[in-house]
Amino acid sequence: MEGLNRPLGAPPVPSVVSNPSDPEDLWQFPDGTQSSNSPQVQPSNSPQSADSLPSVDPAQGPLESPDLALPSDHPCADSPPSADSSQLPGTSQKQDVTSPLPLRRKPWRKAPAKDNKERYIAIGIDFGTTYSGVSWACSFDPENIQQVKGWPSANMRLQDEVQIPTQINLKANTWGYLVSKQSNPIRWFKLLLLDEQDVKQDVRKSSYLTEARNTLRSHPRYSGDGIIDLVAQFLKELWDHSLQDIGKRVDVDKLPLRVAVTVPAIWPSYARARLKEAARRAGIERPRLMGKTKLTLVEEPEAAALCTLHERREYPEIEVGETFIVCDCGGGTVDIISYRVKSTDPFQIEEAVRGDGKLCGAFLADSAFERWIKAKSGLKFDNVDEEEFRAFLQDEWEYTMKRAFSGKENQSSFAIRPPSKAMKKLKLKTKGGTFPISKDTLKEIYSKPWNGTRELISGQEKRIVEAYGKPPKKILLVGGLGASPYLYWQLHAQFHGNVLQPSQAWSAVAKGAVIAVLESTDDVIASMPVVVSRVARFSYGVQFGYSPNSLASFGQVPGDRGKDEYYFDPDGTELVRRMTWYLKKDETLDNRDPVTHTFSRWVRLHELSDIKITIFTSHENPPPFRRNNSVKLMCEIGIIALVPWETLERCTSPSGEEYRNLHGVLTMRFEGEPKWSLQIGQSKVERDVKVRYEGV
C-alpha cells in the first residue's frame, strides 16, 4: 500500500503505507514542508451520492469485514466535508496544529441498548492444563451460579466432581474420567497451543509434553495445526455434556447462550487466538434457533478475582481503597493479579498494578514426583508396564498424597503402595507392600511450584506498596494447586498470616467467567464486581514513517542511518521507520474511555478493499523506538472501506497515479482479549473489524 498519511490534529499526519519494496504497512509523517515534487492536494466538491460509491468486491481482500462507513444519506452519517481541506472532518483543528499522537478521546459510538429484561444463559469454561470445569447461570437469576457435574465415568463416586481431567485417549476414543487408569492418554496438551520457544526448556522436555507431541505427529488427522483440532475435540466433549447437564435444569433451546472461555493472562496473542479457534471448531458457536452464541475470552486471574471478591463482598475487609492480591494457582500456570476497591455500591474494582504469571503450576510437582519415583526412590520399574505405572500415579499421588500433604504432619515419612513388581529387587524391608516417602522429599517435589508462586506474590506486593504506600489487605489463593494444604501453609507463614484460601477454590475460575459474562447485563451490575479499568501488560503500537526533521517533535531519538531504515514515500519524501506506541506497558486502560488511534492514509481506488493495519506488541519497558527482538507482530486488522471515493481528498503522485485521503479512528478495548472497532470517513458509528492473529 502506497500513500501519504496524516493524523487528525497534528502537522505530521500518520497513515499506514507500504513501500513498493516492502510489504509491511507503515504509518508515515510528512514534515509539514512541501518540496518541489510534492503532489498538489485538491479538495473534492463532488456530491455524496450512492452512484459515487466504488465497486468493491470483498472477495478481493484477504480478510472479510463488515461495511466500515454509512451511506452519505443515512441519518447517522456526517454532513459532507468542508471545502477547506486543511480542516479535518469532525474536528475544529487545522492540520498545522502541533500535538503528539496517539490522541486519547472518547470515540463516537452508539449508546448501548438498555434492556433490563435480557434473558440468556451465561456459561464459563475453565479449560485447564490438568483439569477443566464449567459453570453457568441464567441472566434472570444471576446469583445462582451452578457447576456442571455428572461427568461421564464408570465410577459413580465421581458423579459429583466439579472438575474433569484434561486428557484424551485417541486409541480408545475416550476422554476425561472415561480414560482408563491403565491407559496412557494425552495430557497437558493445552500447553501445545504455545510455540516451543515460549515454553521453558525443562517444561518443553517433560515426559507428558513429549508424549503428547509425539502422539500428535503419529496421527495424520492432527498434522498441520492438529493441536487446535485436538483441543477442539476435548472441548466438544466438554461442551456437549455441559449443555446436556444444563438442559436438565433449564430449557437450553429457548434461551441464547453467552460463553466465556478462560485463558492464562501470560499467554501471547497467537495462543489465545488458537484457543478461541479451537472453541469455534468444537461447535460452541454453531447456529441455534435462538440466535448466534456469543463467544469471548476471559483471563483466568481476572475470572478468579471476580468470583472470589463476589463471594466476599460482605466481608469487613472489602472497603473502598483497599487492595487485594488474587493468586490463581492452576495446573499449568500461576497467574497473579491485584485489584483495588473503587466502590462498594455498585461494586467496582480496578486493577491496582500490572499482573504477572509463570509456567510453575501443579504439573511441575507431578513431573518431580514421577522423576523421583523412577530415578531416586530405589524402586525398579523396568518390569512394570506403562498402564500399571499410570494407575499407580493416579491412586498414590494424584488423588491422595498430592492433595492431602500439608507439611504440618508430625510424622517424618509417609507410606505409598507401588506396584509389586517395582519392589521385588528392593533390599529395604517393607511392611504390607508399602514404601516410605519422606516429608523432606515431598517438600522438594513441591519446591518449584512453591518458589515460583512465592516470587510472584512478593513481586506483586512490592509493586502495590510502591504504588499505594501500604501492603495489600489480603492475598487470596485459588485454583487447583491453590487448594493444596502445603502451598497454603507455606504462603501463610511467608506472608505473616495474610493469606486466605476461599472455599471451592477449584471452581473459582469457571464461576468467575460466568460473572464476567453477566457484567454486561445492566440489572446485575450492582450486585457483582465490575472491573472498570485494567493495567496493560504489554505495549501496543504500530509502525510509522517519520520525516527525519520531525523526529524530535514527536519524542523520537535522532535518526541514524546505521540503525534506522530510510525509504521514500510515493511523492518522493524521505521517511524513517519507527515504532509508535498508543498504549504503553503499565498504563491504565479505562473501560469507559478506550484507547483510540486516529489515522489518515493515501489510497488508490482498488486498495479500498485491501487495507490492513498491523498491530505490534513489546514487553520492554519503556518500549523501543526502533523495531527490535522485543517487538512482536500481534495481528493484522482488515478493513474494507466502503466510502464515496469522489468525496475524499485528492492528490496526484509524481508518476501520475491518483490517490485519495482516507481518515479513520481505530479503537481498542480490552476484555480478556483486545476488542477492535473502527470508524471510517464521515461515519460516527463504530464498526467491528476482522482480525487475523499471527500464528493462527
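The values are calculated or read from the model by the stated rules, or taken from the named source; none is laboratory data. What you are looking at is a predicted structure, and each value in this text was computed from that prediction instead of being measured. Cβ sites come from the backbone with ideal geometry, for glycine too, and all protein chains shown count toward neighbours.
Filtering the stretch 243-264 to residues that are of a type in the set (Gly, Ala, Ser) and surrounded by fewer than 21 Cβ atoms within 10 Å (Cβ to Cβ) leaves only Gly247. Among the residues of the stretch 265-285, is any crowded, with 21+ Cβ neighbours inside 10 Å, modelled with pLDDT under 95 and hydroxyl-bearing (Ser, Thr, Tyr)? Within the stretch 265-285, one or more residues are crowded, with 21+ Cβ neighbours inside 10 Å, modelled with pLDDT under 95 and hydroxyl-bearing (Ser, Thr, Tyr). Meeting the requirement of 3 or more residues that are within 31 Å of the chain's Cα centre (by Cα) and not polar (S, T, N, Q), the strands (runs of 3 or more DSSP E) wholly within the stretch 327-428 are 334-344, 347-351, 356-358.
Here the stretch 251-282 is the region considered, the condition is being part of a helix (DSSP H, G or I) and closer than 12 Å to Ala232 by Cα, and the residue that is farthest from the chain's Cα centre (by Cα) is Arg281.
All conditions but one from (1) assigned to a loop (DSSP other than H, G, I, E, B); (2) surrounded by fewer than 17 Cβ atoms within 10 Å (Cβ to Cβ); (3) in contact with a helix residue (DSSP H, G or I) (Cβ under 9 Å, 6 or more places away or on another chain) apply to Glu143; the one that does not is (1). Just name the residue that is farthest from Gln543 (Cα to Cα) out of those in the stretch 623-663 that are free of Cβ contacts under 8 Å to residues at least 60 places away in the same chain and not in a strand (DSSP E or B). So the residue we want is Gly656. For the stretch 525-532, the criterion of being hydrophobic (A, V, I, L, M, F, W, C), outside the structural domain of Ser139 (by TED's automatic domain parsing) and modelled with pLDDT under 80 is satisfied by at least one residue. Considering Ser269, Ser338, the condition of being more than 17 Å from Val509 (Cα to Cα) and touching a residue at least 60 places away in the same chain (Cβ under 8 Å) is satisfied by Ser269 alone. Considering the conditions (1) modelled with pLDDT under 90; (2) surrounded by fewer than 21 Cβ atoms within 10 Å (Cβ to Cβ); (3) closer than 21 Å to Asp366 by Cβ, Ala212 is excluded by exactly one of them, (2).
Annotation note: of Phe670, Phe599, Phe625, the sole residue that is closer than 27 Å to Glu351 by Cα and out of contact with any His (no Cβ under 6 Å at 6 or more places or on another chain) is Phe670.
Among the residues making up the stretch 283-316, those that are in a loop (DSSP other than H, G, I, E, B) and among the acidic types (Asp, Glu) are Glu285, Glu314.
Pairs meeting the criteria (first residue in the stretch 539-564 and closer than 26 Å to Thr588 by Cα, second residue part of a loop (DSSP other than H, G, I, E, B) and of a type in the set (Ser, Thr, Tyr), beta carbons under 8 Å, at least 6 apart or on different chains) are Ser553/Thr98.
Please tell me if Leu608 is in a strand (DSSP E or B) and at pLDDT 80 or above. No, not satisfied. Residues in the stretch 661-678 that are among the polar types (S, T, N, Q) and at pLDDT below 80: none.
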